[in-house]
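Undergrad: Have a look at the structure that comes next, please.
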Amino acid sequence: MYILETGLDLVSRLGLEAVTIGTLAKATRMSKSGLFAHFQSKENLQIELLKYAGEIFAKDVVVPALGVAPGEPRVRALVGNWINYARSLAGGCIFVTASTDFKDRPGKVREFLLSQQESWLDCLRRIARSAVEAGDFRGDIDCDQFAFELYSLLLGFHLYHTLLDSAETENRYEAALDKLLKEYRRTATPEPSTRPESEILA
């Protein structure tokens, strides 16, 4: 576990592509040959680090949100958990940086990363559907669009937090989230008019 924890810290600060068996051996003060015997290749090491990061992400971000009432409360809990997760790592969310490193690198690492991201987007879609079922969101919403817009909001926060270091980041992301939820919120059904039809048509 110590090896993967150290590797995850390196990934957050240096990027997934920069973490090799050699750099991990140096950071953990372990022998390079010992680590190579365990992971066999840099590719396997990177996949194990992504898998470990995914387990932490599920435990700290997704599972606690699923314990919150469905609808807007669950969406807000998920967003808050994601932001706390990104802040807890020195360089922010490793899935964001890894996506940049491997977007043009075919292979098992990219395939594994892509699978993780598809699972995350599916999680956002399912949470949107649960908000519809709970009566918070309209029944005609496009859950794929909601997932796109919510993840875009989180990626915007990540950029502002890790690179731009803007003092307005907190207020702007909260305003953006409020606006997004308002767009998908179920509006109250207007009460039927008690006026005679002849007056309404006049």
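Undergrad: Let me spell it out: the conditions are (1) surrounded by 15 or more Cβ atoms within 10 Å (Cβ to Cβ); (2) within 23 Å of His161 (Cβ to Cβ), and Ser130 meets all of them except one. Which number is the exception?
TA: Going through (1) surrounded by 15 or more Cβ atoms within 10 Å (Cβ to Cβ); (2) within 23 Å of His161 (Cβ to Cβ) one by one, Ser130 breaks only (2).
Undergrad: Continuing with this model, one more query. Where the second residue is among the basic types (Lys, Arg) and in a loop (DSSP other than H, G, I, E, B) and the first is closer than 12 Å to Glu183 by Cβ and lies in the stretch 131-150, which pairs have Cβ atoms under 9 Å and are six or more apart or on separate chains?
TA: Note: pairs meeting the criteria are Phe137/Arg186; Arg138/Arg186.
Undergrad: Next question. Any idea which residue in the stretch 2-23 is surrounded by the fewest Cβ atoms within 10 Å (Cβ to Cβ), counting only those that are assigned to a loop (DSSP other than H, G, I, E, B) and free of Cβ contacts under 8 Å to residues at least 60 places away in the same chain? Talk me through it step by step, then tell me what you get.
TA: Pass one, the stretch 2-23, residues assigned to a loop (DSSP other than H, G, I, E, B): 15, 19-20.
Filter again for free of Cβ contacts under 8 Å to residues at least 60 places away in the same chain, leaving 19-20.
On the way: Val19: 24, Thr20: 15.
Here the residue is Thr20.
Undergrad: Have a look at Gly92, Gly7 and point out the one that is touching a helix residue (DSSP H, G or I) at 6+ places or on another chain (Cβ under 7 Å) and under 27 Å from Arg125 (Cα atoms).
TA: On the way: Gly7 fails: under 27 Å from Arg125 (Cα atoms).
The match here is Gly92.
Undergrad: Now a separate question. So which residues in the stretch 133-148 are surrounded by 18 or more Cβ atoms within 10 Å (Cβ to Cβ) and part of a helix (DSSP H, G or I), if there are any at all?
TA: Within the stretch 133-148, the first condition is being surrounded by 18 or more Cβ atoms within 10 Å (Cβ to Cβ), and the residues that meet it are 136-137, 143, 146-147.
Scanning the stretch 133-148 gives Cys143, Phe146, Ala147.
Undergrad: Can I ask one more? Pairs, please: C-beta under 7 Å, at least 6 apart or cross-chain, first residue under 16 Å from Leu8 (Cα atoms) and of a type in the set (Gly, Ala, Ser) and in the stretch 96-116, second modelled with pLDDT under 90 and assigned to a helix (DSSP H, G or I)?
TA: That search, which allows pairs on different chains as well, returns Ala98/Leu16.
The values are calculated or read from the model by the stated rules, or taken from the named source; none is laboratory data. Note that the coordinates shown come from a computational prediction; the quantities given were computed from them, not determined experimentally. As a convention, Cβ positions derive from the backbone with ideal geometry for all residues, glycine included, and neighbour counts pool all protein chains shown.
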